[in-house]
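Student: My structure is below; once you've seen it, I'll send some questions.
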């Protein structure tokens, strides 16, 4: 082959290599936490009598990122940002967890999610998200005060279809883009924890002993890629408080993957 | 006495001018930025209320301003003004030093005033800009190769899209008037240099100074707003937005300075006998471009100053809650933004009109129509900006007038088409890469222009606005037409700028790869845009997958073509065939000077007695 053409080919390969190298660096720098696989929990019989394989997920919402987990030991780049995080079976922070806000659940299954809400809250912009939607029976189970020391309900569990719009701490909202995959929309409002207790615990470098606890179940369809996020405007300062933690993956949003 | 005089005199130390170069500039800029950053951290009071960014914005902006001042001082931009203020202007020898006389390759790394050096500096920085912008484009297209995206973090993706946009806009603004407007234009009009040589160097080094804040921005939150940086979104964006603001402010100054310099040079320094009827069409294109930039970029500059004040000083120019208006920003931005399209296009088309007679060996078809076309586009281009705002809700009653002015601009644009087609018609075609580029421009610009008519139409725009269709349209104009003209100009004037011929085979390979890849890429983008895919998205519905995959394949083909071109530039510059004085047998003045070109271009300034297109009349 002509020497000049070979040299040109070398430039192309070198250029493609530089591009690939930069791309690999940028892709690696995204620091996306890995995925949490749902845990198998036997079977679940829906109100219509159908039986599904049953899976569970547990997670917490925090007023800041100092719990560590997927953000790292010191809370990562933004220790003061609100964040979701992986939880133990009794709502305890998993400080060494490497994964945080991406979840994988099986297709055609019942998925039960329990969320402990350690953060306080204010008023929703849109009352729509104060209602429970897309869950089995259109309901969720709420424990307003859960004692994380004794692992018991400090208040009685009750079934809810909505909570007052001015008592919302965060929401857990799954939705997908318009496509040919099965639609999946789930919205559950999370009751705020007591503001004074949250503040007092934060000042001591911890989290309130009495978060609210919300449990709900929904049925998955075919495989699909979805995202979830909080719809409560908690990312102070930007874009009507939907910036910062609200617009950053691995804080108040993540991927929700349904796999066969 | 005699003994005293014969004593060896110790070699005088280097003067300040001799000591300054890009190294001193970078060092002084970095030190200044660091010092100001530390001082600001130490002494700037905390904000009185809980606000995000304000103090940090102040610190970031002050540090960037310190970088700018330090860099420009370190490169030597302030020596001349300082000496003038002190009443002791530069001596002849110092001016010769600044002009780069006998300086060898070092002159390219100094505040050199020779227009040929500045032209080469512009050429290199344009290539660097396109290289960086191209890499970012490849990251975007790779991420969009599959519907679910996710290869790059969505926030990084947003920043990459914004940075790609603004860096490519800047690259295309300077790609013709920078290298060729500086190197070729003064010789083409028979001048020894630009009207204001120091301003010429200033305009180039301002761009280098501007680059750092843009790079800086990538590490402090990026540019998450897209290249247009609409407010109030930009006012709420991360600290990286300050990098964008500083970049635009400095670049706008550079463009204003260059605009004033080039316009003055063309108006005042044309050779004896070079009446306006004998002035080459490329000169008209260059002057129209920079003259358009003159009123446009001060507005852009001010829009960013106000943006910075909203962020750092808590003003409310664009904040509705404080009495401001986001529409104000949109108006200011597009008052610059749409003329800017023609700042890019006109010189590129004019360069091809300059080449058309050379490679068809016949006069430019209807020179007067060409001039009228350029004037018509220039005049109308300042009256069309609000077609970007049809669906923003601002002044709906003005939609119809802006639709009219936008559609009217097709007429002078059609005149330029007519001139090119008329020149090609029955010409004795000399098939070179620049010749084929004329055909490529006609094809690409036709698609870009016709698709633009739909966007100028209010009802159609309501559907197409914000879609990939828009992205494909403006790539067809800025890249398909603008960049095609610039690459042809590179090959055409390469022999005069470097003294070497551009490798013919590589120019052809590159041409076909780029043009085929380009049309594959952006036809694919049109299809997904028409189907409804919004622009600036990191993932998309799977129904758009095929079109996006085709676009990504086309983009990779463009990359290969551009890398072949890059190799062609480097290898031809280093070891290409030595160029004769006038390899194309062209008739404009730049081909009458020898290679390498003397410092002051002409021993005796030429006198022009005819136009530059006296190739005889083809039978037509």
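Student: Using a 10 Å cut-off around each Cβ, can you sort B:316, B:254 from fewest to most neighbouring Cβ atoms?
Tutor: B:316, B:254
Student: Could you work out the equivalent-ellipsoid semi-axes for the stretch B:94-162, taking the square root of 5 times each eigenvalue of the Cα gyration tensor, largest first, in whole Å?
Tutor: Equivalent ellipsoid of the stretch B:94-162: 42, 10, 7 Å, largest first.
Student: Now for a different question. Rounded to the nearest 0.05, what FRET efficiency is calculated for residue B:108 and residue A:122 with R0 set to 45 Å and r the Cβ-Cβ distance?
Tutor: For R0 = 45 Å, the calculated efficiency reads 0.15.
Student: Using alpha carbons only, how many angstrom separate the centre of the stretch B:464-538 from the centre of the stretch A:31-73?
Tutor: If we compute the Cα centre of each part, the gap is 47 Å.
Student: Sticking with this structure for a sec: Pop the C-beta distance of residue A:5 and residue B:523 into the FRET formula with R0 = 25 Å and round what comes out to the nearest 0.05.
Tutor: 0.30
Student: Can I ask one more? State the Kirkwood hydrodynamic radius of the stretch A:3-44 in Å, one decimal place, computed from all pairs of distinct Cα atoms.
Tutor: After inverting the pairwise mean of 1/r, the radius is 14.2 Å.
Student: What is the extension gain from residue A:166 to residue A:222, computed as 0.36 nm multiplied by their sequence separation minus the C-alpha to C-alpha distance, in nm to one decimal?
Tutor: Going from the current span to full extension adds 16.6 nm.
Student: Could you tell me how far the Cα centroid of the stretch B:240-268 sits from the Cα centroid of the stretch A:117-189, in Å?
Tutor: 54 Å
Student: So how tilted is helix A:3-28 from the main axis of chain A? Cα-based, degrees 0 to 90, rounded to 10.
Tutor: So the helix axis and the longest Cα principal axis differ by about 10 degrees.
Student: Based on the alpha-carbon set only, what is the convex hull volume of the stretch A:35-259 divided per residue, in Å³?
Tutor: Taking only Cα atoms, the stretch A:35-259 has a hull volume of 119 Å³ per residue.
Student: Using a Gaussian network model of chain A with C-alpha springs under 10 Å, which one of A:132, A:18, A:111 is most mobile by mean-square fluctuation?
Tutor: A:18
Student: Only helical DSSP H runs with n ≥ 4 go in: add -39500 (n - 2.57) per run for the protein assembly as shown, normalise by residue count and round the 222 nm mean residue ellipticity to 500 deg cm²/dmol.
Tutor: Taken over the protein assembly as shown, the calculation gives -17000 deg cm²/dmol.
Student: Per the Cauchy relation, a quarter of the hull surface: what is the mean projected area of the convex hull of the alpha carbons in the protein assembly as shown, in nm²?
Tutor: Mean projected area of the Cα convex hull: 45.4 nm².
Student: What is the mean projected area of the alpha carbon convex hull for the stretch B:394-440, to one decimal in square nanometres?
Tutor: Across all orientations, the stretch B:394-440 yields a mean hull projection of 4.6 nm².
Student: Let me ask something additional. Taking beta carbons within 10 Å but only from partner chains, what does the mean come to for residues A:3-12?
Tutor: The per-residue average across the peptide is 6.
Student: As a footprinting exposure proxy, order B:159, B:228 by other Cβ within 10 Å, with the fewest listed first.
Tutor: Ascending number of Cβ neighbours within 10 Å: B:228, B:159.
Student: Can you tell me how chain B classifies by the Cα gyration tensor, rounded, prolate or oblate, using a/c under 1.5 as the rounded cut?
Tutor: oblate
Student: Can you give me the Cα centroid spacing of the stretch B:340-417 and the stretch B:115-172 in angstrom?
Tutor: Computed from Cα coordinates, the inter-centre distance equals 26 Å.
Student: Cut-off is 10 Å between beta-carbons; in what order do B:107, B:535 appear when sorted fewest neighbours first?
Tutor: Starting with the residue having the fewest Cβ neighbours, the order is B:535, B:107.
Student: If you count, for each residue, the other Cβ atoms within 10 Å and average over each peptide, how do B:85-91, B:57-63 line up from highest to lowest?
Tutor: B:57-63, B:85-91
Student: Still on this structure, I have one more. Provide the packing ranking of B:198-204, B:556-562, i.e. peptides ordered by the mean count of other C-beta atoms within 10 Å per residue, highest first.
Tutor: Listed from highest to lowest mean packing, they are B:198-204, B:556-562.
Rule-based calculations on the coordinates, nothing more; no lab input. In this text the structure is predicted, and so the values were computed from the model without any measurement. FYI the Cβ positions are ideal-geometry reconstructions off the backbone, even for glycines, and counts take in every protein chain you see.
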